[in-house]
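S.K.: Handing you a structure now.
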Amino acid sequence: MIPRRLRSSLAATSFLLLLAAGSNAGQRRVDVGSGGLAFGPQDQTLNLGDHVTWIWVGAGHNVENGVSLSDPNQGTIFNTAVGGSTAAFTWKADQTGTIPYFCAPHFNFGMTGSLM
């Protein structure tokens, strides 16, 4: 039989381990307009539950998922308004697989990225 004090300690330790496991979500940053018409970094590797924050360092950009301006799934996961140089947007990775994204005003200039 396990002494009562030891059971309490084990229960408390188990609870703390569960809390720690749930707080392991990663944080990723993407600069929007980095060096002009680019995302920096262009590609990010994510785990389920990670957070990506796009931070505008240049004005006149947006972020929306999709492979092109004619993608029927364009903007179905995330789609921001065109932001100024102080805008920010955070998305939590709630699915796996590659998620391409782009800046709609600058898609034809190659302003694209992907989450993997």
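S.K.: Please turn the phi angles of segment 79-86 into ³J(HN,Hα) values with the Karplus equation 6.51 cos²θ - 1.76 cosθ + 1.60 (θ = phi - 60°), one per residue in order, whole Hz, x for glycine and proline.
M.R.: 7, 9, 6, 5, x, x, 6, 10
S.K.: Which of Gly83, Leu69, Gly97 sits farthest toward the positive end of the charge dipole of segment 26-115, with +1 on the Cβ of Lys and Arg and -1 on the Cβ of Asp and Glu?
M.R.: The residue sitting farthest along the positive end of the dipole is Gly83.
S.K.: Please state the relative contact order of segment 26-115 as a whole percent: Cα pairs under 8 Å, 6+ residues apart? Before the final figure, lay out each step's value.
M.R.: Working: 203 pairs, mean separation 30.0, N = 90.
Normalised by residue count, the contact order of segment 26-115 is 33 percent.
S.K.: What does the charge dipole of segment 26-115 about its Cα centre add up to, to the nearest 20 debye, if the Cβ of each Lys and Arg holds +1 and the Cβ of each Asp and Glu holds -1? Let's see the in-between values first.
M.R.: Details: 3 positive and 6 negative charges, 29 e Å.
Charge dipole, segment 26-115, about its Cα centre: 140 debye, nearest 20.
S.K.: Between Asp31 and Thr76, what FRET efficiency comes out of the Förster formula 1/(1 + (r/R0)^6) with R0 = 30 Å and r the beta carbon distance, rounded to 0.05?
M.R.: Working: r = 24 Å, r/R0 = 0.80.
Efficiency computed from Cβ-Cβ geometry: 0.80.
S.K.: For Ile77, what charge total do you get from the other residues with a beta carbon under 10 Å from its beta carbon, if Lys and Arg give +1 and Asp and Glu give -1?
M.R.: For residues surrounding Ile77, the net value is -2.
Every number in this text was worked out from the coordinates using simple rules, so none of it is lab data. Keep in mind the model is a prediction, meaning the values are calculated, not measured. Ideal geometry is used to build each Cβ from the backbone, glycine not excepted, and the neighbour counts take in all protein chains shown.
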